[in-house]
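Structure, as structure tokens:
The values are calculated or read from the model by the stated rules, or taken from the named source; none is laboratory data. If you're wondering where the values come from, they're calculated on a predicted model, not measured in any experiment. Cβ sites come from the backbone with ideal geometry, for glycine too, and all protein chains shown count toward neighbours.
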Amino acid sequence: MTATLFDLGSNTRETVRCSYLIGCDGFASTVRELLGIDLAKEQQSSDWGAATLTPEQLRYAASDVLHLHALRARLDVMLAREGRGELAQACFNFLPARARLDLAGWAEQDIFAH
């Protein structure tokens with residue numbers, strides 16, 4: 001879902017994802033909330049389909065993975081505290097099967113719907 005923001009001063013419009021308006025922009029929000037680290041997102045919308053990535057894009061991609069181990073540890077603690085570690089592991093174990101279903105043409109079909 002998107003929203004169009006209109007700046008009366010400059011008479012310009014900008015369309016943004018609504019998740020940004022409420023501070024829920026996925027990975028960056030999770031890292032910010034759980035680890036207290038703000039990730040730079042300047043390269044997020046750059047041309048990732050180019051034949052050669054720029055040095056800025058390479059730094060951006062590397063910076064996203066820097067905090068994965070700390071984030072995993074924090075999430076594991078939260079899952080254990082809530083008694084949901086086994087359920088989470090069952091979901092993780094299902095991901096390869098879900099990917100195979102998607103590749104087999106079931107991506108848009110909810111196979112669990114009755």
* Residue in the range 7-38 that is nearest to Tyr60 (Cα to Cα), counting only those that are of a type outside the set (Ser, Thr, Tyr) and modelled with pLDDT under 75 -> Asp25
* Asked: Has the range 39-52 got at least one residue that is of a type in the set (Asp, Glu) and at pLDDT 85 or above?
  -> yes
* Do you know which residues across the range 42-78 are under 17 Å from the mean Cα position of the chain (by Cα), in a loop (DSSP other than H, G, I, E, B) and of a type in the set (Asp, Glu)? -> Glu42
* Asked: Which residue pairs have Cβ atoms under 7 Å apart, sit 6 or more places apart or on different chains, and have a first residue in the range 36-62 that is in contact (Cβ under 8 Å) with a residue 40 or more places away in the chain and a second that is loosely packed, with under 12 Cβ neighbours inside 10 Å and in a helix (DSSP H, G or I)?
  -> none
* **Answer from Ala61, Ala70 - the residue that is within 17 Å of Ser29 (Cα to Cα), surrounded by 11 or more Cβ atoms within 10 Å (Cβ to Cβ) and either at pLDDT below 90 or among the β-branched types (Val, Ile, Thr) (or both)** => Ala61
* Structure fact -> For the range 75-103 the number of residues that are among the basic types (Lys, Arg) and in contact with a Lys or Arg (Cβ under 9 Å, 6 or more places away or on another chain) is 0
* Which residue out of Ala97, Ala104, Ala28 is surrounded by 11 or more Cβ atoms within 10 Å (Cβ to Cβ), small (Gly, Ala, Ser), outside any loop (DSSP other than H, G, I, E, B) and free of Cβ contacts under 8 Å to residues at least 60 places away in the same chain? -> Ala28
